[in-house]
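Undergrad: Here it is, the structure in full.
The values are calculated or read from the model by the stated rules, or taken from the named source; none is laboratory data. Keep in mind that this is a model prediction, so the values were computed, not measured. Using ideal geometry, Cβ is built from the backbone for each residue, glycine included, and neighbour counts are taken over all protein chains shown. Note: accessible area is taken over every heavy atom of the protein model, side chains too, but ligands, DNA and RNA are not part of it. Shrake-Rupley method; radii C 1.70, N 1.55, O 1.52, S 1.80 Å.
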Amino acid sequence: VKSKNVEGYFKLPTVCPSCGEMVVREEGEAAVRCINPACPAQLLRNLIHFCSRDAMDIEGLGPSIIETFVNEGLIKKTTDIYRLDESEIAKLEGFKETSAHNIVTSVEKSRDNDLGKLIFALGIRHIGAKAAKLLSDELKDIDAIMNATVEDMLNIDGFGQIMCESVVDFFSKQGTKELVSELKELGVNTKSRTVITDTRFEGMTIS
């Protein structure tokens, strides 16, 4: 995103023109970007990622259907996914009661996903599916992740400075905090379901 000043030169904006959140510019990159998950200008891209297989894995909500729901006003923000109504979907052209039921059933199922899938679904820059699971397994719930410092996360195997800073920046955004709060209210799981068992001494007799 660039804006032109009175002298004819381009000046990079400091806030997103769509949502008003501060934008970031990473070292080595020419452009600035908005990392607010609630930014309206990024809604479609964020929704497609959120519903994808490695993220919340919501079967039936592919890119074209998501775009239809956005255009029809059924989804105006990420959390509206968990407010989808079968009867409203069935009224849309090309949809039937069966397909509407299947979509809502898949949405309901995704509420119980492990925290690692939700963290990846949020679309944190530099945090892929594997890193999201590591973060979930290590810190156990989303509140701990939101409150973690760069130093806390540097203790996680495979996490570097840039990844840690990206997580801290993401969860410092007001839009992120509001999104997480709404997801909790809607019954989306925000805790790790991974049980790590130490099997190093399995089968051994210690006397």
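Undergrad: I need every pair where a residue in region 173-194 that is hydrophobic (A, V, I, L, M, F, W, C) has its Cβ under 6 Å from the Cβ of a residue that is open to solvent by 20 Å² or more (accessible area, probe 1.4 Å), sequence separation at least 6 or different chains.
TA: Hits for this filter: L179/A38; V188/R111.
Undergrad: How about region 141-159: which of its residues are of a type in the set (A, V, I, L, M, F, W, C), more than 18 Å from K177 (Cβ to Cβ) and in a loop (DSSP other than H, G, I, E, B)?
TA: Across region 141-159, the qualifying residues are L154, I156, F159.
Undergrad: Oh, and also: With the checklist (1) open to solvent by 70 Å² or more (accessible area, probe 1.4 Å); (2) modelled with pLDDT under 95 in hand, flag the one item E21 doesn't pass.
TA: The number of the failed condition is (1).
Undergrad: Let me ask something else about it. Under 9 Å between Cβ atoms, which residue pairs at least 6 apart in sequence (or on different chains) link something in region 84-95 that is within 19 Å of L186 (Cβ to Cβ) and at pLDDT 95 or above with a partner that is among the aliphatic types (A, V, I, L, M) and exposed (fewer than 15 other Cβ atoms within 10 Å of the Cβ)?
TA: none
Undergrad: If A121 satisfies every condition in (1) within 22 Å of N189 (Cα to Cα); (2) over 13 Å from the mean Cα position of the chain (by Cα) but one, which is the exception?
TA: Checking A121 against (1) within 22 Å of N189 (Cα to Cα); (2) over 13 Å from the mean Cα position of the chain (by Cα), the one that fails is (2).
Undergrad: Within region 107-117, does at least one residue satisfy the condition of being open to solvent by less than 70 Å² (accessible area, probe 1.4 Å) and without any contact (Cβ under 8 Å) to a residue 12 or more places away in the chain?
TA: no
Every residue, every condition in (1) hydroxyl-bearing (S, T, Y); (2) open to solvent by 50 Å² or more (accessible area, probe 1.4 Å); (3) at pLDDT 95 or above; (4) over 18 Å from Y82 (Cα atoms), yes or no:
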residue	(1), (2), (3), (4)
P17	no, yes, no, yes
G28	no, yes, no, yes
R33	no, yes, no, yes
L44	no, yes, no, no
I58	no, no, yes, no
G62	no, no, yes, no
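Undergrad: How many of the residues in region 124-134 are in contact (Cβ under 8 Å) with a residue 40 or more places away in the chain and surrounded by fewer than 18 Cβ atoms within 10 Å (Cβ to Cβ)?
TA: Matching residues across region 124-134 total 3.
Undergrad: Then there's this: Only one of these is surrounded by 16 or more Cβ atoms within 10 Å (Cβ to Cβ) and not β-branched (V, I, T): E182, E151. Name it.
TA: None of the other options fit; the residue is E182.
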